1. So, of the residues in the range B:57-76 that are farther than 16 Å from B:R106 by Cα and among the aliphatic types (A, V, I, L, M), which turns out to be surrounded by the most Cβ atoms within 10 Å (Cβ to Cβ)?
2. Working carefully through the options B:E92, B:E84, find the one that is at pLDDT below 95, more than 20 Å from the chain's Cα centre (by Cα) and acidic (D, E).
3. Among the listed residues A:E103, A:E127, A:E84, which satisfies the condition of being among the charged types (D, E, K, R) and surrounded by fewer than 16 Cβ atoms within 10 Å (Cβ to Cβ)?
4. In the range A:136-179, which residue that is on the phi > 0 side of the Ramachandran plot and at pLDDT 95 or above is nearest to the other protein chains (Cβ to nearest Cβ)?
5. Tell me the residue from B:E308, B:E289, B:E244 that is within 19 Å of the chain's Cα centre (by Cα) and without any contact (Cβ under 8 Å) to a residue 60 or more places away in the chain, please.
6. Which condition breaks for B:I173 when tested against (1) surrounded by fewer than 21 Cβ atoms within 10 Å (Cβ to Cβ); (2) more than 12 Å from the chain's Cα centre (by Cα); (3) farther than 22 Å from B:D40 by Cα?
7. How many residues does the range B:180-216 hold that are under 16 Å from A:N256 (Cα atoms) and in a loop (DSSP other than H, G, I, E, B)?
8. Go over the candidates A:K104, A:K98 one by one and state the one that is farther than 21 Å from B:A259 by Cβ, out of contact with any Ser or Thr (no Cβ under 8 Å at 6 or more places or on another chain) and either at pLDDT 95 or above or of a type outside the set (D, E) (or both).
Protein chains: 2
Amino acid sequence: MIMESYSIGIDIGGTNTGFGLVDEKGNIIFNSSISTKSFDIVEDYLDEVINQILLLTEKCDDKSKIRGIGIGAPNGNYYKGTIEHAPNLNFEGIIYVKDYLEEKLRGKGYDLKVTLTNDANAAAIGEMIYGGAKGMKNFIMITLGTGVGSGIVVDGKVVYGNDGFAGEVGHTIVQPEGRMCGCGRKGCVEAYSSVTGLRKTALELLSNTKIDSSLREITQENIGGKAIYNAARSGDTLALKCFEITAKMLAIGMANAVAVTSPEKIFLFGGLIKSGNLLMKPLKKYFEESLFVVFQNKIDLEISHLDENKAAILGAAALTY
Amino acid sequence: MIMESYSIGIDIGGTNTGFGLVDEKGNIIFNSSISTKSFDIVEDYLDEVINQILLLTEKCDDKSKIRGIGIGAPNGNYYKGTIEHAPNLNFEGIIYVKDYLEEKLRGKGYDLKVTLTNDANAAAIGEMIYGGAKGMKNFIMITLGTGVGSGIVVDGKVVYGNDGFAGEVGHTIVQPEGRMCGCGRKGCVEAYSSVTGLRKTALELLSNTKIDSSLREITQENIGGKAIYNAARSGDTLALKCFEITAKMLAIGMANAVAVTSPEKIFLFGGLIKSGNLLMKPLKKYFEESLFVVFQNKIDLEISHLDENKAAILGAAALTY
């Protein structure tokens, strides 16, 4: 007899924390949400997280069917089950999320294992359990949002490395004397190929070149991902150049990661992907150009198969597998 | 009862092929060598390899103690047991080394498993079985010779990736508009941080700058690793700058590989390492500068513990574990 099982997936974000009860096929049976930023004291926040977990377990007909709890969190450390110095959270320092939750839940009679990792690793596992990477042994997941994250899968397992922080393709250097990155170094992929990087490229091109552009007609504050996208869609040369640069830097970072781990595919996920071929077309071109010869014409770039609105919860839930 | 075991390690090089019978502690009990380049027909060469293997098995008191045969070879593919398009061998195309040897040996009554990979992966496994990486789960081996090779170990296993060609840190791009690499792309680590790259840096600096240097007194053909090393040892500014550039480019490539796999240590091996602190001092400095903040001051750079003259045989022998 095959018994059905359910996972609890938790997506911790700076603004909200989402919860989902997920079946084996990746259907979210029940979900809820709380405001992360309304809490100033971390214990208060975690106690409310526990309340939500209990709420979810009640939605399950048989509590013994719950495999465990998976959490995707910024700066999440898989080995320690901690969130460490996350810049977007109200809670400073190191938060022992796994230990706190497991102990409190045990006190309430629930023996549930908590597994925690960062958002990009969770996205990679989500793709592997519920998405386009089912049964795939070697692939890379790239998440393109405010920052650039990545999850590296080797031999069917996410690479956490020695300290639990592996998979930072966004912070590989692709232009040694290049643009300042938020991390304090120069020329990281993230400095160019995040939404923030795209905006910086636009501002740089507007001030350093004389290229004609409709973006010159709007105020600097209003130049963001959406404005650049809209301009590029109308054929604006400068806006198109922004996507070219975003694509080129990301392509080099991805090709370098390929040289290290030789994946079958690279999946892409996140806000920037919505720009479609404006990004994907130059990305595919520069990616092939940047690949070492033995990897050329072998590695597909593919958009994540997971629904954007559910991916974070599914990624977290997939950690229980 | 613990039974002793022995491995046969074979190091295939363009000039010679070395053979060794190796015990569990990494002692080479018996060794031999044949000339690779004297063979034009691959079957003749492989038949002589078999003769040498049989010779080695006779040196072992009990043939059942032989674990298997490991081979380190240029362009070696672990999954297929092939050597593919190796530029330094007389034999073109794809050579099915594993299949050929296993079948012929079976015909002679020897049921020995052949495991083959490239030199750098073999060096990584050698370090793990016999050298400084015993029991280490996550590390990187960098080999600095005519080219730059690497072996990546994640979770106690060498990363071969989807196609068996993973671990090409030497062919990651660290300067997108940089120097032409032998692989046809621009700005690879290998274009700068191999012995060949060091020489190119010297020639470039000699022709593009006016820096005073004792290297200006010797002919271009005589400017090689040794001449640059000797000049640098005497405090020659230009020669020292060559090592700085070699170190900086390698440091960025290593830091990028760290961001992908988060190793505990990086081991270094090969001819260039003999330059000692001329390379290691700037390498350590630039490596720390190039590391993403979460990895800083955590990762030791260490010279391989294996004796240079035995390392290739030991690396190959370690493949049988």
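The values are calculated or read from the model by the stated rules, or taken from the named source; none is laboratory data. Note that the structure is predicted; figures quoted are calculated from it, not measured. A quick note on method: Cβ atoms are made from the backbone with ideal geometry, for glycine too, and the neighbour counts reach across all protein chains shown.
1. So the residue we want is B:I71.
2. Numbers: B:E84 fails: more than 20 Å from the chain's Cα centre (by Cα).
From the options B:E92, B:E84, the qualifying one is B:E92.
3. Details: A:E127 fails: surrounded by fewer than 16 Cβ atoms within 10 Å (Cβ to Cβ); A:E84 fails: surrounded by fewer than 16 Cβ atoms within 10 Å (Cβ to Cβ).
From the options A:E103, A:E127, A:E84, the qualifying one is A:E103.
4. Our first condition is that a residue be on the phi > 0 side of the Ramachandran plot; within the range A:136-179, this holds for A:155-156, A:161, A:164, A:167.
Filter once more, so that each one left must be at pLDDT 95 or above: A:155-156, A:161, A:167.
On the way: A:D155: 7, A:G156: 11, A:G161: 2, A:G167: 7 Å.
Going through the qualifying residues, I end up with A:G161.
5. Numbers: B:E289 fails: within 19 Å of the chain's Cα centre (by Cα); B:E244 fails: within 19 Å of the chain's Cα centre (by Cα).
One residue alone meets the criteria, B:E308.
6. (1)
7. Final tally of qualifying residues: 6.
8. Working: A:K98 fails: out of contact with any Ser or Thr (no Cβ under 8 Å at 6 or more places or on another chain).
None of the other options fit; the residue is A:K104.
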